[in-house]
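Read-outs throughout are calculated quantities, based only on the coordinates presented, and are distinct from any laboratory measurement. Every value quoted in this text rests on a predicted model; they were computed, and no experiment measured them. Counting neighbours? That spans all protein chains shown, and the Cβs are built from the backbone with ideal geometry, glycine included.
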Amino acid sequence: MKLEFFFDCSSPWTYMAFEMVQPLAEEFGVNIIWRPILVGGIFNQVNPGVEFFKVKDRIPQRKLDHMLKDIGDWEKALGIRVKFPPAGHPVNSVKVMRACLLLEPQGKLVPFARRCFQAYFGEDHPLSDDAVITDICRDTDIDPKWLLSAIAEQSAKDALRMNVDEAIARGAFGSPTMFLDDVDMYFGVDRIQLLRKAMERKRTKR
């Protein structure tokens, strides 16, 4: 089985799915193919002109209250901290998502991304801030000087753009988006259980 995980560290639902998909993949003996994206870039192309990220403006209070309860329930279930919305939300996550792309071949994407989620949703630190990125690097044994220089290179910008374009071409419209064996798409943390069922069926057939 092939499992791809398209994600952006600025999404609370992605944080939850990020923590859930790893034990799922381990259970099935599957290596996750991490695909960093920029969710704003996807949304701007798929839903141009819509102020998607203005949460309080677009969601009725009753639904917003329930969404916040939902987040609290996920916090308890997963043992993570998710303050929503963090100060300054939505954050420009382009730097840390380029960083994730560069760190994946080094095997450092997962600890770096996890620390990004913790810093943003647990500690109110903006992921667009170089000082915050520097602290995250130090926490995850990464050279911040090298990383901040590398993410400014055109090659890093192009690589992230290519992931965004590919995600859109394959039908994605947000984060997290998961693909099982290239074409079977699942969107959102609440689809993890459906992804599990699909993986169980594939394992049974084999």
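Based solely on its DSSP helices, what 222 nm [θ] is calculated for the chain when runs of n ≥ 4 H residues each add -39,500 (n - 2.57) and the sum is averaged over all residues, nearest 500 deg cm²/dmol?
-16500 deg cm²/dmol
Once R0 is set to 25 Å, what does the formula 1/(1 + (r/R0)^6) return for the Cβ-Cβ distance between Asp158 and Val183, expressed as a FRET efficiency to the nearest 0.05? Walk me through the numbers before you get to the answer.
Numbers: r = 25 Å, r/R0 = 1.02.
That pair, Asp158 with Val183, gives E of 0.50.
Among all helices in the chain defined by DSSP H, which have a length of 24 Å or more along the axis from Cα atoms plus a Kyte-Doolittle mean of at least -1.0?
Going by DSSP H runs, the hits are 12-28.
Quote to one decimal, in nm, the extra length available between Asp190 and Asp73 on full extension: 0.36 nm per residue of separation minus the C-alpha distance between them.
That works out to 40.9 nm of additional length.
Which order, highest average first, do 165-172, 36-43 follow once you tally other Cβ atoms within 10 Å for each residue and take the mean per peptide?
36-43, 165-172
Under a plain spin-label model, where a point goes 7 Å from the Cα along Cα-to-Cβ, how far apart in nm are Asp165 and Asp135?
3.6
How big is the antiparallel share of DSSP beta bridges in the chain, given as a percent to the nearest 5?
Restricted to the chain, the bridges split so that about 60 percent are antiparallel.
As a footprinting exposure proxy, order Trp13, Trp146 by other Cβ within 10 Å, with the fewest listed first.
On the way: Trp13 20, Trp146 11.
Starting with the residue having the fewest Cβ neighbours, the order is Trp146, Trp13.
Over the chain, what portion of Cα pair distances is larger than 28 Å, expressed as a whole percent?
That tail contains 26 percent of the Cα-Cα pairs.
So if I take the centroid of the Cα atoms in the stretch 11-38 and the same for the stretch 154-180, what is the distance between those two points in Å?
15
Starting from a Cα-only point model with no solvent, please compute log10 I(q)/I(0) by Debye for the stretch 63-172 at q = 0.16, 0.22 1/Å.
Reported log10 I(q)/I(0), two decimals: -0.82, -1.20.
Evaluate the relative contact order of the stretch 71-158 (contact order divided by residue number), counting alpha-carbon pairs under 8 angstrom at least 6 apart; express in whole percent.
Values: 80 pairs, mean separation 26.9, N = 88.
Relative CO of the stretch 71-158 lands at 31 percent.
Highest first, please rank the peptides 62-68, 22-28, 1-7 by the mean number of other Cβ atoms sitting within 10 Å of their residues.
Listed from highest to lowest mean packing, they are 1-7, 22-28, 62-68.
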